[in-house]
Amino acid sequence: MNTITNKWLLVFLFVAFSVAAQAAVIDTYEERFDGRADDATIHEVDSWSVDQGETMKAITQDSTTYTGTGKALELTGAETTVSVSRKTTYGGLTPCWLEFIVKAGVGAQSRSLPSTGIAAVSFDYKGKIYASNGSSWQDTGETFTEGDWYRVTLKLDFKNKLYDIYISSVAVPEIEFIADKTGLAFIDTSISSLSELGFDGAYNVDRADDTYIDDLVVHFIDRLEMITASQTLVEGQPSGPITVQLQNAYSEPQTAWCDLILELKSSSPGGEFSLSRDAWMPTAQVILTENAYSAGFYYKDTKPGKPIITINEYPNRGWEEATQQQIVVSAVAGFEIEVITPQVAAEYFSMIITARDDEGNVNETYSGEVEILVDYLSPNSGTMRITPETISGFSKGRLEVSAMYPDCGTIAITVEDVIDPSKVGSSGPVLFIPASFNLSADSLQVVGRPFSLGVSALNALGAHAPNYEGPTELSFIGVSPEEIRGGAISPSTIDLGGFVNGLAEVMVSYNLWGTIKMEANDLACPAQAGMSEAITFQPGGLLVEVISPPSGRDFFYLGETIGIAVSLVDEEGLAIANYQGTVEISSTIGLGLPDEYLFTELDEGKHTFHTNVDSAGIYTVSCKEKASELEGEGSPIEVREASLVVESTVAPVGTTEVTIKLVDEQGNLIDSESELSVLIGLEEEIDDGSASSLATSMPITFVDGRAKILISNTQAEIVTISPSSQYKFKIKKGTVTFGRIAKTGVGTLMWREIKE
């Protein structure tokens, strides 16, 4: 049998550790393999590694899964056992739960117990399932059938260095969650944190027997906890929302890896639950959905008293159940509170309190003193109180109160008799919105560059409102220019929950040039708004780009048009569509550019100058944006003198070819030129129109620095050829001597005059 340093050679499970005394606890880790590529190795994917065997013998595939859909990890059975592991910090909080589903391959021999790690599980080749117990294997009492899928769960206790193991067939639904073995000892009792998981395939030299792993989960759920405050209810009336949350031993929220069934119970025979407050439908369960960490429900009771509601998971995994006492008061032995919603924080509002007797009628004799309390609904905690806190002065059982609540959020207002607190009543939910917002940001920003914007909710007294949660819309108004088209703030909203203690710090960006004021509005009540001081947005860069000459050369000719593009760009290097600032221009004498240029809206952030020069040389252009002093410089512009040279020739009367060359200042052929076009002019020795060429009316294009033209003549004479171009070339004329001298040999008369 092969051995691996610091790893366990098992059928599938391998759990390693870090030597840290207490690693940081993280939330639920889940690996279903469904998002992985099909038939691809798991090696070097999301901290997985193949530690032994061929990497392509540990793949994610969809042909064999326990549900028939999705993907699972396949470990091919082989003589060299395939071993995989995932090394990362999972955490060291107790309890730590490890769960996975496996179809175990059948090996050829029993596995040796690992000498390191926390725990080990072996599906033995004889059909038994063993678990490590310190220094020895322990028979779990469970057996497995080849080809079937099984769920394995380990509950790790890092405090006592013990663990429990649960094994069940996937095909049989769990009704009870009962451990097969409890109190199994850690292999290495010095370990206090989980940092590595490992799986080994089957060791088999006789046949290929593969192992499949799916739905791997590590979590630290210890308890269920109701995070909403206990409520005082009127008999027969629904409660406000009640929220139950998954938590670890540190009371930190934990994410559900699958849909969890929670059972709802009450100690009162008149109590019942519903998932909806308005469309009431009694239920005894609530589903805490996958990837959530909390669930909500409502409660009502027909029996006055102090019922205790209890929430536990099903099947019971041993988590601490959530309990909370509610108070149910008689509907006709308390108060009715009338108040309009929404209200503005710290603005006085009217509230009518009516005392009612045991039969629900107005108790006109009531003249007591009541205490006004706050029941925080959303968020479910706070520190602010209503003013006044106590009040009297009922007249015929009614009292109109001018009250003020200085915070935001949703509350219920509870009124109870000072002497007899059992006489109580609550309003429905009342939403308190901010009076305005305070926005703060640095006054100078770059177009398109994210910057920090602070937004705080204020009450009507200008004080901070810590319970405001949003959502809030972000917008702007133009200062300079006043009219802005195409402007956008990103993001344009601060979502619900984006405020912490009434404050939000968000990274936002704006896409245009100029000065604006940022504005925040409450999405529920847009009239509640606030505005920042003026913020000026400057370009992120200034680009000076010389438009390249035609392909084949990197210089310009005298008189050739030179394009120079000046752009003011944002953080991403894109031209700013509405830029209208002034740019100072510095350039070599003779280039003919203005000293400065004021961009207009039509430029859309980019203006191209066109010019040409009369002298050869190297020219440069640099620019500076006046407001921001951004600078940019274009690449050097080389301008050369060039000459068009016609090569003279002699030819018989008829048609001949003439070559025109383009040469530089030293007379060297500019053989990179294959786009220049010229026309020619003809000057005859005998001006009778006998000479002709298509190139006099149809431009001829150079190829590799030369142009070939055809010239025809019907009589012997000298014809002078003059090329012309749009550029300022020097011209060296050439001639064609027709008919008088042959190209070779002694001069021969090519024509004769016939006389009588």
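Determine if segment 237-252 includes at least one residue that is assigned to a loop (DSSP other than H, G, I, E, B), among the polar types (S, T, N, Q) and on the phi > 0 side of the Ramachandran plot. The answer is yes; a qualifying residue exists. Being loosely packed, with under 14 Cβ neighbours inside 10 Å, within 41 Å of the chain's Cα centre (by Cα) and touching a residue at least 40 places away in the same chain (Cβ under 8 Å) is the requirement here; does Thr600 meet it? For Thr600, the condition - loosely packed, with under 14 Cβ neighbours inside 10 Å, within 41 Å of the chain's Cα centre (by Cα) and touching a residue at least 40 places away in the same chain (Cβ under 8 Å) - is not met. Lys181 fails exactly one of the following numbered conditions: (1) modelled with pLDDT under 90; (2) surrounded by 12 or more Cβ atoms within 10 Å (Cβ to Cβ). What is the number of that condition? For Lys181, the failing item is (1). Against the test of being surrounded by fewer than 18 Cβ atoms within 10 Å (Cβ to Cβ), in contact (Cβ under 8 Å) with a residue 24 or more places away in the chain, touching a strand residue (DSSP E or B) at 6+ places or on another chain (Cβ under 9 Å) and not aromatic (Phe, Trp, Tyr), the options Gly540, Gly502, Gly498 yield a single qualifying residue, Gly498.
Residues considered: Gly393, Gly397, Gly382. Of these, the only one that is at pLDDT 90 or above and over 19 Å from Thr232 (Cβ atoms) is Gly393. Whether any residue in segment 549-563 is touching a Ser or Thr at 6+ places or on another chain (Cβ under 6 Å), assigned to a strand (DSSP E or B) and among the small types (Gly, Ala, Ser) is what I want to check. Among the residues of segment 549-563, at least one is touching a Ser or Thr at 6+ places or on another chain (Cβ under 6 Å), assigned to a strand (DSSP E or B) and among the small types (Gly, Ala, Ser), which makes the answer yes.
Could you look through segment 321-346, keep only residues that are at pLDDT 95 or above and part of a loop (DSSP other than H, G, I, E, B), and pick out the one that is farthest from Gly368 (Cα to Cα)? Out of the qualifying residues, it is Glu321. Could you list all residues from segment 698-742 that are within 28 Å of Ile670 (Cβ to Cβ), polar (S, T, N, Q) and either at pLDDT 95 or above or outside any loop (DSSP other than H, G, I, E, B) (or both)? Across segment 698-742, the qualifying residues are Thr701, Thr720, Ser722, Ser724, Thr735, Thr737. For segment 122-140, the set of residues classified as within 14 Å of Ser169 (Cβ to Cβ) and surrounded by fewer than 19 Cβ atoms within 10 Å (Cβ to Cβ) consists of Gly127 only. Only one entry of Gly689, Gly681 meets the criterion of being over 18 Å from Lys730 (Cα atoms) and in the same structural domain as Ile718 (by TED's automatic domain parsing), and that entry is Gly689.
Does any residue in segment 652-677 that is surrounded by fewer than 17 Cβ atoms within 10 Å (Cβ to Cβ) come within less than 6 Å, Cβ to Cβ, of a residue that is among the hydroxyl-bearing types (Ser, Thr, Tyr) and part of a strand (DSSP E or B) six or more places away or on a different chain, and which pairs are these? Every condition considered, the pairs that remain are Thr655/Ser712; Ser677/Thr701. Among the numbered conditions (1) buried (at least 16 other Cβ atoms within 10 Å of the Cβ); (2) closer than 30 Å to Ala534 by Cβ; (3) of a type outside the set (Gly, Ala, Ser), the only one that Leu461 does not meet is (1).
A quick yes/no check of all residues on (1) more than 29 Å from the chain's Cα centre (by Cα); (2) at pLDDT 95 or above; (3) not β-branched (Val, Ile, Thr):
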{"residue": "Ser18", "(1), (2), (3)": "yes, no, yes"}
{"residue": "Thr28", "(1), (2), (3)": "no, no, no"}
{"residue": "Glu31", "(1), (2), (3)": "no, no, yes"}
{"residue": "Thr67", "(1), (2), (3)": "yes, no, no"}
{"residue": "Ala72", "(1), (2), (3)": "no, yes, yes"}
{"residue": "Tyr90", "(1), (2), (3)": "no, no, yes"}
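Looking at this structure, is Glu225 modelled with pLDDT under 90, of a type in the set (Asp, Glu), surrounded by fewer than 22 Cβ atoms within 10 Å (Cβ to Cβ) and closer than 30 Å to Gly425 by Cβ? Spelling it out, it is not the case that Glu225 is modelled with pLDDT under 90, of a type in the set (Asp, Glu), surrounded by fewer than 22 Cβ atoms within 10 Å (Cβ to Cβ) and closer than 30 Å to Gly425 by Cβ.
Matching residues to (1) surrounded by 13 or more Cβ atoms within 10 Å (Cβ to Cβ); (2) not in a strand (DSSP E or B):
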residue: Thr365; (1), (2): no, yes
residue: Ile372; (1), (2): yes, no
residue: Asp375; (1), (2): yes, no
residue: Thr383; (1), (2): no, yes
residue: Val401; (1), (2): yes, no
residue: Asp407; (1), (2): yes, yes
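Going residue by residue through segment 441-449, is there one that turns out to be in contact with a Lys or Arg (Cβ under 6 Å, 6 or more places away or on another chain), touching a residue at least 24 places away in the same chain (Cβ under 8 Å) and not basic (Lys, Arg)? Checked segment 441-449: no residue is in contact with a Lys or Arg (Cβ under 6 Å, 6 or more places away or on another chain), touching a residue at least 24 places away in the same chain (Cβ under 8 Å) and not basic (Lys, Arg). Filtered by the rule that a residue be crowded, with 16+ Cβ neighbours inside 10 Å and of a type in the set (Gly, Ala, Ser), segment 681-691 gives Ser690, Ala691. Would you confirm, using the coordinates I've provided, whether Thr153 is closer than 16 Å to Ala120 by Cβ and either hydroxyl-bearing (Ser, Thr, Tyr) or under 40 Å from the mean Cα position of the chain (by Cα) (or both)? Judged against the criteria, Thr153 is a match.
The values are calculated or read from the model by the stated rules, or taken from the named source; none is laboratory data. Quick caveat: nothing in here was measured; it's all calculated off a predicted structure. Neighbour counts run over all protein chains shown; Cβ positions are idealised from the backbone, glycine included.
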